[in-house]
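Asks: Below you'll find the structure I mean.
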Amino acid sequence: MHLNLFDWAIILLYIVLIFYSGIFMKKYVGNIGDFLVANRSMGFHLGMLSLMCTEIGMITYVYYAELGYKAGLAGLMAAFPPFIAFLILGKTGFIIKPLLDMKIMTIPEFYSKKFSKGVRFYVGLLMAVGGILNFGVFPGVEAKFINIVTGISEDYLLITMVVMLTLVLLYTVFGGMVSVIITNYLQYALLSFGMIFITVYGFTQVGWSRLVEAVQLHQGAPGLNPFLPSVWDSDFGLGFLVWQILMWISILVGWQAISMRLFSSKDTETGVRIYFWSALLFLARAVLPIFWGVMALAFLGNKVEPLNALPEFIVAVVPSGILGLIFAALLAASMSTYASYLLSWSSVVSQDIIGSIFTFVTGKEADSKKQLLISRITMALVMIFIIWWSLFHKLEGYLYFYLNMTAMLFIPGTLVSVGLGIYWKKSRTAGAYAAFTLGALPPLSYLILPEHIRSAYTSEMGWGGFVLALAGMLIGSFIQNWLQPQNKESK
């Protein structure tokens, strides 16, 4: 065991506090609006903290550290697209301000308002598949992380996953978004301590010269310069930046775990401010763990499995006693992410898929109590699936790119359909169907093609999804406007 009794006491205390918060907050959840968007009562400061905690988990640290470990300092290029995207949307209110004014709870609701209920159902399916496949690798990666840090044998990987997810499921089922938001205060404090300590203490163990020498030795010049061997041919060159900026703008609009924070804001102005000031937090969210990966390379060499580099580094450099606080911080990050993702993707399934089927069959919407029950049952089913997926899915290539491409199954169509749906009056239902269908083809190809092929064209498949989605919206809308000059599709 790598943890002493003091370490375990800190971890158990944190778990008790989190579990109690879910039970305590249950009395404040009376309807589906309370459960999914906390009755739209989230203020500016809590909104920023909650958004940050939602998008930081052990897996966040692992996939960014993997970038640093395998790509060197060039991997830092991945830190800037989210920073740019937050600034653009937070400064201009582009897309997000009209969405906030609509008072919707999920992005697919927009499609039933602008296009048709069929589009909402179709997009809900794509979102559910992409989001759950994305979420599906979390338990396996993070359970392995836990096993390495704690010293628990990997023979207990399944038990680790089940225990971790069950704890999150219980307090999230009880309190929904209210519980998730309240616990983010404690989680943010632990996260801040953990991130700062690992960075400062780890750097004192490695030093700058040793770090640069390790990158030069193992990655050569491309590890220091992201634009080698050329601006377009490198893994982190201009093609990568174009794809990533488009993807992050789309994620901030259509990624359910993030947009639910936006829709939980108490008013439109608060939501826009949350996005603008979150830019710096998300820059640090990427820069620090990428830097940890480079430090791990310098400290451990290149003989460690890349996804294991960060936990191995933490165990090697963090002193006993402090390790419990660090682990509690990492556990806090993961529990917040798990809670939000379970809530987010189950809400898409329950509201936009099952809800659409229920309305189609019965001719009316389910009442709030039935929606709440369906959401809670769906969360349990999603949890069971992701445990199964983590056990049997084999990851190849960068974990970061896998997570990007599962999101890309619906993200290009989201940006194009929501953007043009808001700002272009001639956008039509056929265009929305075509945008989502064509936009999903490149990322789908990435997920099924052999590793040696997809690794050579990752960025092209990334930005290519947006090009095809835009073409689909323009062509589909043009054809429908030509065949049906009057807007006769069902609303």
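No value in this document is a laboratory result; all are computed from the given coordinates. Keep in mind that this is a model prediction, so the values were computed, not measured. We place every Cβ from the backbone using ideal geometry, glycine too, and count neighbours over all the protein chains shown.
Asks: Between SER192 and ILE84, what is the FRET efficiency for a Förster distance of 30 Å, r being their Cβ-Cβ separation, to the nearest 0.05? Mind dumping the intermediate values first?
Replies: Details: r = 24 Å, r/R0 = 0.79.
About 0.80, to the nearest 0.05.
Asks: Please compute the modelled spin-label separation between ALA380 and THR437, points set 7 Å along Cα→Cβ, answer in nm with one decimal.
Replies: It is 3.8 nm.
Asks: So how far, in whole Å, is the C-alpha centre of segment 258-299 from the one of segment 110-140?
Replies: When both Cα centres are located, 23 Å separates them.
Asks: Still on this structure: Any idea how far apart LEU17 and LYS426 come out in nm if each label point goes 7 Å out from Cα toward Cβ?
Replies: Distance between label points: 5.8 nm.
Asks: Full-extension gain between GLU305 and SER230, please, as 0.36 nm times their residue separation minus the C-alpha to C-alpha distance. Walk me through the numbers on the way to the answer.
Replies: Values: separation 75, 0.36 × 75 = 27.00 nm, distance 2.80 nm.
Here the answer is 24.2 nm.
Asks: Can you give the local net charge around TYR398? Use residues other than it whose beta-carbon is closer than 11 angstrom to its beta-carbon, Lys and Arg +1, Asp and Glu -1.
Replies: Values: positive: LYS70, ARG454; negative: GLU66, ASP235, GLU396, GLU451.
In short, -2.
Asks: Shifting gears a bit: List the pairs from LYS97/LYS369; LYS70/LYS303; LYS303/LYS394 whose alpha-carbon separation is above 22 Å, in the order I gave them. Write down the numbers at each step before the final one.
Replies: On the way: LYS97/LYS369 30 Å; LYS70/LYS303 11 Å; LYS303/LYS394 20 Å.
Over 22 Å Cα-Cα: LYS97/LYS369.
Asks: How would ILE353, ILE196 line up from fewest to most surrounding beta-carbon atoms within 10 angstrom? Could the numbers behind the result be given before it?
Replies: Numbers: ILE353 20, ILE196 13.
Placing the least packed residue first, the sequence is ILE196, ILE353.
Asks: Between ASP267 and ALA9, 0.36 nm times their residue separation minus their Cα-Cα distance comes to what? Don't skip to the answer; put the middle values down first.
Replies: On the way: separation 258, 0.36 × 258 = 92.88 nm, distance 4.04 nm.
My answer for the length gained is 88.8 nm.
Asks: Kindly list the residues of segment 293-325 that lie in the label zone of ARG210, defined by a backbone N under 14 Å from the point 7 Å along the Cα-to-C-beta vector.
Replies: The answer is 294-302, 313-314, 316-318, whose backbone nitrogens lie closer than 14 Å to the label point.
Asks: Evaluate E = 1/(1 + (r/R0)^6) for MET102 and GLU154, where r is the Cβ-Cβ distance and R0 equals 51 Å; express this FRET efficiency to the nearest 0.05.
Replies: Working: r = 47 Å, r/R0 = 0.93.
With a Förster radius of 51 Å, E is 0.60.
Asks: Let me ask another. Suppose every K and R has +1 on its Cβ and every D and E has -1 on its Cβ; what is the size of the dipole of segment 381-466 about the Cα centre, in Debye to the nearest 20? Don't skip to the answer; put the middle values down first.
Replies: Values: 5 positive and 3 negative charges, 83 e Å.
Around 400 debye, computed over segment 381-466.
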